[in-house]
Amino acid sequence: MKPPLDIVHPRIEEYLQGLLPRRDPVLAEMESLASKRDFPIVGPLVGALLQILASSIQARRILELGSGFGYSAIWFARAAGPSGRVLATETSSENVSLGRGFLDRAGLGNRVEFRGGNALEIAAGLEGPFDIVFNDIDKRDYPRAFEVAEALLRPGGLFISDNMLWKGNVLEKSPDDATRGVRELTRLLQTSPQYLTTLIPLRDGVSVSLRSA
């Protein structure tokens, strides 16, 4: 594999970061922890996008496939409002514990339910509809996230996937399993008559797919 590409030019990235409002202490702490641990979070630029998207369709029931320690869940929970609920799934028990703590301190603990375990297995036992399905699981399993959206997402809902440019590896002629997973999800979305999809080259690429009626 070649070295990762800068999806967004560093100077443009710096400019965009400078346009963001100052983060509250909980988000700032989460960003600091992610930096120290080299742990992948969506970051504030994508976080703001998620909040805007969720607010735009008045999302009240949101499913996260892969939640880490709750960074994206905070942005979704704020959009969902007091009556909304975010179901966050995460394999790491440590991250589940951290996430619950962060959400409680942000005053959003009553809007987010963390479930520990495999996101796909958890999703198989759920009943829809959800307004948003957010996909950030292991990349080789991305096509299976499409199946979750097919089963649980309401018409007019959004299927959102992170890392859809996968550090530029989608350009490789001999991709690994992770890159093949991202490419296959991209193919499924682009060829499905049920979804209108755009791929936003922000951070590592975010696809936004609107499900038709």
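Modelled with pLDDT of 95 or more, in contact with a helix residue (DSSP H, G or I) (Cβ under 6 Å, 6 or more places away or on another chain) and within 26 Å of Glu13 (Cβ to Cβ): is that true of Val46 in this structure?
Here the answer is no, as Val46 does not meet what is asked.
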Tell me yes or no: at least one residue of segment 51-65 is of a type in the set (Lys, Arg), surrounded by fewer than 11 Cβ atoms within 10 Å (Cβ to Cβ) and out of contact with any Cys (no Cβ under 7 Å at 6 or more places or on another chain). no
Which condition from (1) surrounded by 21 or more Cβ atoms within 10 Å (Cβ to Cβ); (2) in contact (Cβ under 8 Å) with a residue 40 or more places away in the chain; (3) touching a Lys or Arg at 6+ places or on another chain (Cβ under 9 Å) is the one that Ser161 breaks? (3)
So, first residue within 11 Å of Leu185 (Cβ to Cβ) in segment 121-148, second residue assigned to a loop (DSSP other than H, G, I, E, B) and of a type in the set (Gly, Ala, Ser), Cβ within less than 7 Å, six or more apart or across chains; the pairs are Ile137/Gly66
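So that you can scan it fast, the table gives a plain yes or no per residue for (1) among the hydroxyl-bearing types (Ser, Thr, Tyr); (2) more than 16 Å from the chain's Cα centre (by Cα); (3) under 22 Å from Leu45 (Cα atoms):
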| residue | (1), (2), (3) |
| --- | --- |
| Thr91 | yes, no, no |
| Leu108 | no, yes, yes |
| Phe114 | no, no, no |
| Asp162 | no, no, yes |
Residue pairs qualifying under the 8 Å Cβ cut-off, at least six apart or on distinct chains, with the first in segment 38-64 being on the phi > 0 side of the Ramachandran plot and the second being surrounded by fewer than 18 Cβ atoms within 10 Å (Cβ to Cβ), are Gly43/Glu31
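Quick one: in segment 99-120, which of the residues that are in contact (Cβ under 8 Å) with a residue 40 or more places away in the chain and crowded, with 18+ Cβ neighbours inside 10 Å is nearest to Ser32 (Cα to Cα)?
Applying the first criterion (in contact (Cβ under 8 Å) with a residue 40 or more places away in the chain) to segment 99-120 yields 102, 105-106, 112, 114, 119-120.
Next, only the ones that are crowded, with 18+ Cβ neighbours inside 10 Å stay: 102, 106, 112, 114, 119.
Working: Phe102: 13, Ala106: 16, Val112: 22, Phe114: 22, Ala119: 26 Å.
Ranking the candidates gives Phe102 first.
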For the subset of segment 187-213 comprising residues that are part of a helix (DSSP H, G or I) and touching a strand residue (DSSP E or B) at 6+ places or on another chain (Cβ under 7 Å), which member is surrounded by the most Cβ atoms within 10 Å (Cβ to Cβ)? Leu189
Please go through segment 7-22 and give me each residue that is surrounded by 12 or more Cβ atoms within 10 Å (Cβ to Cβ) and closer than 26 Å to Asn169 by Cβ, ordered by number. Ile7, Val8, Glu13, Leu16
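The values are calculated or read from the model by the stated rules, or taken from the named source; none is laboratory data. Predicted, not measured: the structure shown is a model, and the values here were computed from it. Using ideal geometry, Cβ is built from the backbone for each residue, glycine included, and neighbour counts are taken over all protein chains shown.
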